[in-house]
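Reviewing the structure listed below.
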Amino acid sequence: MHKKGFIFDLDGVIVDTAKYHFLAWKKLARSIGVDFTEVQNEQLKGVSRVRSLEKILEWGNKTLSEDEFTKLMGMKNQDYLSYIDKMDDSEILPDVSQTLDYLINQEQAIALGSASKNATPILKKVNLFAKFEAIVDGNDVSKAKPDPEVFLIGAKLLGMNPEDCTVFEDSVAGIQAANTANMISIGIGEQSVLHEADYVFNDFTEMSSEFLEGIISGTINKK
Ligand code: BG6
Ligand code: MG
């Protein structure tokens, strides 16, 4: 039997939480007199909470004391969590559940590899928590993507060699992290943005079971 590891990013791959991050960052930016656009929000994909606030302050030419910085981070997360609290399984992105179930039926090893510190509550809200053998999130890593740490810990927890793992990612930094980890990188999103990925699909509806079977059997490999 062929057994491979499959590591899923969360935000933008399993659920479309980017819109909630946007609303929460926008409110916070406005409260300190900074303009924040959807284009800028794109640049925060896969970026940690601390780094996101640093970037917003850079864009707005603002400096804050350490205490103010910590307070704003807390406010942003409170606001974000108020959106998360209303989530349910209708917010799982198309064919994600089917892909997870297919891989589980094929007895593959499945992990989550996310920068978010809210990964566990989100997975519980959308009823997917039980499908993951291992969860690695923002609470477990010291180096953010594009560092491969998050995925290497995931592979280790699954008991798999990195070269036997595949990563699903929507951020450029995440694709780079998967490539550095020597894992098959699959971009979920636009080819023009995710061109460093080994394979790119707009979403999981475009990914056939033959493709996944090819990865499992080893006929589809890292490019
Ligand atoms: C990433 C998101 O998955 O997690 C980023 O793409 C977010 O937008 C980061 O900032 C950290 O998330 P959280 O939930 O810990 O604030
Ligand atoms: Mg993401």
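The values are calculated or read from the model by the stated rules, or taken from the named source; none is laboratory data. Please read all numbers here as calculations on a predicted model, not as lab measurements. Because the Cβ atoms are built from the backbone with ideal geometry, glycine has one as well, and the counts that use them run over all protein chains shown. Quick note on the areas: whole protein, heavy atoms, side chains included, nothing else; ligands and nucleic acids left out. Shrake-Rupley method; radii C 1.70, N 1.55, O 1.52, S 1.80 Å.
Within region 1-49, if we keep just the residues that are open to solvent by 30 Å² or more (accessible area, probe 1.4 Å) and of a type in the set (Val, Ile, Thr), the residue that is farthest from ligand 1 (Cβ to nearest atom) turns out to be Ile32.
For the subset of region 163-191 comprising residues that are under 17 Å from Leu44 (Cα atoms) and of a type in the set (D, E, K, R), which member is surrounded by the fewest Cβ atoms within 10 Å (Cβ to Cβ)? Walk me through it before giving the result.
Filtering region 163-191 for residues under 17 Å from Leu44 (Cα atoms) gives 169-177, 187-190.
Checking the rest, the ones that are also of a type in the set (D, E, K, R) come to 169-170, 190.
Numbers: Glu169: 29, Asp170: 25, Glu190: 11.
This residue is Glu190.
Counting just the residues of region 136-180 that are small (Gly, Ala, Ser) and over 14 Å from the mean Cα position of the chain (by Cα), which one comes out nearest to ligand 1 (Cβ to nearest atom)? Among those residues, the one meeting the criterion is Ser142. Against the conditions (1) within 16 Å of ligand 1 (Cβ to nearest atom); (2) at pLDDT 95 or above; (3) farther than 30 Å from Ile215 by Cα, where does Ser65 fall short? Just the number, please. Among (1) within 16 Å of ligand 1 (Cβ to nearest atom); (2) at pLDDT 95 or above; (3) farther than 30 Å from Ile215 by Cα, Ser65 violates only (1). With the checklist (1) more than 16 Å from ligand 2 (Cβ to nearest atom); (2) more than 14 Å from Asp11 (Cβ to Cβ); (3) in contact with a helix residue (DSSP H, G or I) (Cβ under 7 Å, 6 or more places away or on another chain) in hand, flag the one item Val141 doesn't pass. Just one mismatch for Val141, condition (1). Determine, yes or no, whether Phe36 is assigned to a loop (DSSP other than H, G, I, E, B) and among the aromatic types (Phe, Trp, Tyr). Spelling it out, Phe36 is indeed assigned to a loop (DSSP other than H, G, I, E, B) and among the aromatic types (Phe, Trp, Tyr). In region 27-55, how many residues are free of Cβ contacts under 8 Å to residues at least 40 places away in the same chain and under 18 Å from Ser116 (Cα atoms)? Number satisfying all stated conditions: 9.
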